[in-house]
1. What's the local net charge at Lys40, with K and R +1, D and E -1, over the other residues with C-beta under 12 Å away?
2. Counting only protein chains, not ligands or nucleic acids, how are Ile53, Ile38 ordered by accessible area (probe 1.4 Å), most first?
3. Please list His62, His72 in order of solvent-accessible area, largest first, computed with a 1.4 Å probe with all protein chains present.
4. Keeping all protein chains in place and using 1.4 angstrom, which order do Val99, Val47 fall into by accessible surface area, from largest down?
5. For the range 31-106, what D do you get in µm² per second when you plug the Kirkwood radius from alpha-carbon pairs into Stokes-Einstein at 10 °C and 1.306 mPa s?
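The values are calculated or read from the model by the stated rules, or taken from the named source; none is laboratory data. Treat the numbers as computed from the prediction; the structure is a model and nothing was measured. Methodologically, a virtual Cβ is constructed for each residue, glycine included, from the backbone with ideal geometry; neighbour enumeration extends over all protein chains shown. The protein model used for the area step is the full one, side chains on, heavy atoms only, and it has no ligands, DNA or RNA in it. Shrake-Rupley method; radii C 1.70, N 1.55, O 1.52, S 1.80 Å.
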Amino acid sequence: MPKFKDGDSVQVKVREVQGKEAFEGGYAPHLGGTRGTILKVYSPQEVAVDLDIDSLPESVRHRHAEQQSAMHEKWLNSLSEEARNRLTDEEKSFRLRYVVLLSEADLEPLKESARISDRSKQSASKASRGGKIIGESAPTRPTPAQLDQLEEQYLKARRQR
C-alpha cells in the first residue's frame, strides 16, 4: 500500500547522497527540507511533488523566478498585439510550477502544525512587504507589476554580463 496519496503535504528529507545516487540523480540534496504537495504517485520510486516556491533555497528560487520571467516574456511576445490586448490580468499572469520526481523514501509527511506555522509565516511575510493577504488556499502569483520588476532586474543583469 502506498505511503502517500495525491494531495498530501510533504517535506523532502535532509540527507547525504549515497552510492550511485550521485550519478543517477535520484536525490537532490539541495532540495532537502523543502515542502510541497504530492501531485501523483506513479510508484514508490517515482512520486511527483509540486514544491512550494517559498521553501526553495534562495539561489534556486532566484533562478526559478528568472526562468518564469523569461518564459512569460517569450509567451507574450509570441502573441499578436490584438491577442495581447484581449488578455485579462489573470490570463496575463501565470505561475511556473516547480515539480520534481522523488522516491517515497525521501519524503516525510508534513505535520499539520508545521503547515499552519508555514502559512502564518508566509502571511506575515506578505504583510511586512505590503502584500495583500488573501485566503490561505489562494496560490501566490506575482502581480504584473512584480513580473515587470523581475524582468527589469533580469535584463539589467544580462546587460552587465
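1. Here the charged neighbours net out to -3.
2. Ile53, Ile38
3. Sorted descending by solvent-accessible area, the residues read His62, His72.
4. Output order, biggest surface exposure first: Val99, Val47.
5. Estimated via Stokes-Einstein, D reaches 110 µm²/s.
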